[in-house]
Each structure stands twice: as C-alpha cells, then as structure tokens.
Amino acid sequence: MVRHSFIFVALLCAVACTSEPAPPPPPPAPTTVTSVAAVPPTGGIAVTAEQLAQADPCALMNQDSLAKFGRVSMNIGIAFTECEMTVVMARHDQATVQVAFRFAPPAGAKPISRNGITFHGDEDTNWCRRYIVVSEQSTIFVAASRAPVRGPACEFADAVVDGMVPQLARGELKPAEVSPDSLARHDACHVIEFTEIRRVLGRDPVKLTPAYNRQTCTIDTGGPADPSLLVTFVRGHRPEVDEKTDRAITIDGREAVTDTWAGSGSGANRHVPSCSAELAYRPLDRPMGTKTVERLRVSVYREAPEDTNCQPATDLTAAALRKLGGK
C-alpha cells in the first residue's frame with residue numbers, strides 16, 4: 001500500500017513538476033481621459049453629438065457670411081475635423097476663420113447671446129474664439145485672427161456663427177464623405193497593438209488621451225519620466241526632408257521621414273526629447289491646395305538622446321501599418 005501511494009505521488013509530481021508555469025496576468029486596461037464641458041449645451045440648436053461626429057466642418061462655413069469683408073477662399077484643415085476660410089482685405093490685411101470640432105470649451109469661456117441662441121466665447125490679443133456646445137463632449141469651435149495688422153477679430157467669428165445658426169437650428173449637418181480605408185475611420189489610440197508598445201518601449205500603456213473623434217491620441221506608459229507616444233492622423237502634403245534634423249527613411253517599403261527634437265526646459269517645465277516618423281498613408285479623395293495626402297505620424301517622447309528615439313518611432317509606425325492592413 002505504501003509502495004502504491006509512493007508511485008501515485010511520483011506520477012503526480014511528474015505531471016505537475018514538468019508543466020509550464022502559468023502565464024502572467026494581462027496588464028490592466030489603460031485609463032482613457034477626455035475633457036467634459038463645464039457649461040450646459042447651447043440652446044436653440046437641434047443637432048446631436050452623433051451628427052457632429054460624422055459631419056463635414058466645411059459644410060458649416062458659408063463664404064457669403066464673410067463676403068462683406070473682402071475676398072474669401074476656403075480650405076480644408078490639417079485635421080479631418082477642421083476647415084478654414086481666409087479673407088483678404090484692403091492693404092493686404094487678412095483674416096483667418098477656423099471651424100473645428102472639439103470635446104469641450106476651456107474653463108472661463110463667457111456666455112454670449114446672439115440671434116436667439118446663447119453660446120460661449122473668449123478672446124486674447126491674437127484670437128477671438130466662439131464655442132457652440134452640442135453635448136458635454138461635443139463642441140463646435142470657431143476661431144478668428146487677423147494678420148499682419150492686428151485688430152478686432154470677433155466680427156469675423158460672429159459672422160461665421162451667424163451663418164451656421166440656421167442649419168444648426170434645423171438640425172441639419174452634412175455628413176463628411178469619408179472613404180472606407182481613410183485614416184479618419186480609425187482610432188489613433190488603438191492603431192498600435194499594446195503588445196507592440198510593450199515590446200518596443202518595454203512598458204505597457206497606462207493612460208490614453210484622445211482628441212475629438214480619436215484621430216490624435218497621446219499614449220502614456222507611466223509618469224513624466226516614462227516614455228509616451230503621440231499618434232496623429234492628418235491631411236497635408238507628402239512628408240519631405242526640409243530641416244537639418246530630418247532624415248529620409250523607408251518603412252515597410254514606403255518613403256518616410258523622421259525628425260528629432262532635443263527637448264527643452266528643466267524641472268516642472270521640462271519637455272523631453274522626441275523623434276517622429278511620418279509617411280503618406282493614402283491620397284486624399286478630394287485634395288485641396290497643398291493638402292494632397294493623409295499622413296500617419298508616430299512620435300516617441302523619452303528622456304534620452306533624441307536620435308535614439310527614432311528607431312522606436314519607426315518600429316511603432318511599422319506596427320501601425322500592420323494593424324491598418326498595410327494599405
């Protein structure tokens with residue numbers, strides 16, 4: 001009986017002692033941080049947050065609203081959620097008005113009543129800003145400036161707001177025409193697998209800070225001394241080597257450019273060195289001016305010589321291309 005028990009225990013040991021150790025538990029999911037409006041939604045408008053997320057910002061801009069000031073032209077913005085108009089006036093004076101979609105207005109914006117609605121606004125020596133709050137995380141942002149002659153810019157911002165109020169009151173927003181394979185349809189916070197971030201940087205993401213519509217995302221792996229990423233989808237011209245710190249490279253067969261920054265400041269004001277890798281992802285379906293392609297950019301921020309950040313930036317850009325399907 002003792003002999004049989006010994007054999008049984010030995011068999012158990014043989015199985016248990018040769019089995020693979022249990023894999024470590026997966027890291028906790030990173031926290032997502034977004035801003036929330038501290039003011040109530042703008043009254044008198046009927047559009048929804050869901051409509052705004054799909055909307056074309058240029059369709060909210062009426063060139064006739066600025067025609068009384070001078071010659072007006074329109075251009076798409078760098079971000080997919082931005083559009084701008086330029087007004088050329090006498091003596092080469094010029095005003096620029098931008099419409100963009102954001103999460104929330106900044107704290108301190110003051111209420112302004114105009115044409116039956118109450119929105120919020122603020123201004124400084126360079127810019128006049130207006131905020132039409134659709135929901136606690138959806139805001140139409142209108143900003144105006146003048147150059148080279150600095151002067152009051154709020155008349156331009158208010159004219160654009162006046163021009164868009166009727167369609168906002170009707171609940172009408174034209175959807176943006178976005179191709180199925182456009183970067184505008186992807187989430188910058190999740191375009192790189194977290195396992196790839198751990199492999200390249202040796203740390204797991206702990207905090208995600210997306211911009212509106214998640215076409216820009218900051219990915220932190222810890223505190224200020226730990227590496228972080230900035231992933232950005234924008235519209236523009238093909239990346240070029242135009243600075244001394246730029247270098248032409250190839251990522252998965254695509255022409256790309258890296259650029260480095262040495263960092264600045266110290267202590268609480270320290271901005272750590274970085275390197276960015278950027279490439280043209282696909283042609284724009286409707287190019288305008290110098291904006292002809294969609295650009296994918298991955299920046300690595302780390303307290304290290306700036307050029308040593310370029311390999312991680314390149315590796316993570318390649319990882320993003322793989323996640324996107326290599327298109």
Residue hits (segment 256-288; in contact with a His (Cβ under 9 Å, 6 or more places away or on another chain) and in contact (Cβ under 8 Å) with a residue 24 or more places away in the chain) are Trp261, Gly263, Ala280
Exception for Thr292 within (1) in contact (Cβ under 8 Å) with a residue 60 or more places away in the chain; (2) over 15 Å from Val200 (Cα atoms); (3) not basic (Lys, Arg) falls at (1)
Look at Asp220 and say whether it is touching a strand residue (DSSP E or B) at 6+ places or on another chain (Cβ under 6 Å), buried (at least 16 other Cβ atoms within 10 Å of the Cβ), outside the structural domain of Ala55 (by TED's automatic domain parsing) and acidic (Asp, Glu). yes
Answer yes or no as to whether Ile112 is under 16 Å from Ala143 (Cβ atoms) and at pLDDT below 95.
yes
Being at pLDDT 85 or above and under 29 Å from Asp220 (Cβ atoms) narrows Gln98, Gln94 down to just Gln98
Note on Ile112: of the conditions (1) over 27 Å from the mean Cα position of the chain (by Cα); (2) closer than 17 Å to Ala157 by Cβ; (3) touching a residue at least 40 places away in the same chain (Cβ under 8 Å), unmet is (3)
Note on segment 61-99: residues among the hydroxyl-bearing types (Ser, Thr, Tyr), closer than 22 Å to Pro166 by Cβ and in contact with an Asp or Glu (Cβ under 8 Å, 6 or more places away or on another chain) are Ser65
When (1) surrounded by fewer than 11 Cβ atoms within 10 Å (Cβ to Cβ); (2) of a type in the set (Ser, Thr, Tyr); (3) in contact with a strand residue (DSSP E or B) (Cβ under 6 Å, 6 or more places away or on another chain) are applied to Ser266, the one that fails is (3)
Scanning segment 150-189 residue by residue, those assigned to a loop (DSSP other than H, G, I, E, B), surrounded by fewer than 16 Cβ atoms within 10 Å (Cβ to Cβ) and either free of Cβ contacts under 8 Å to residues at least 60 places away in the same chain or under 24 Å from the mean Cα position of the chain (by Cα) (or both) turn out to be Arg150, Gly151, Pro152, Lys174, Glu177, Val178, Ser179, Pro180, Asp181, Asp187
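The values are calculated or read from the model by the stated rules, or taken from the named source; none is laboratory data. Remember, predicted model here, so these are calculated numbers, not experimental data. Here the Cβ is made from the backbone with ideal geometry for all residues, glycine too, and neighbour counts use every protein chain on show.
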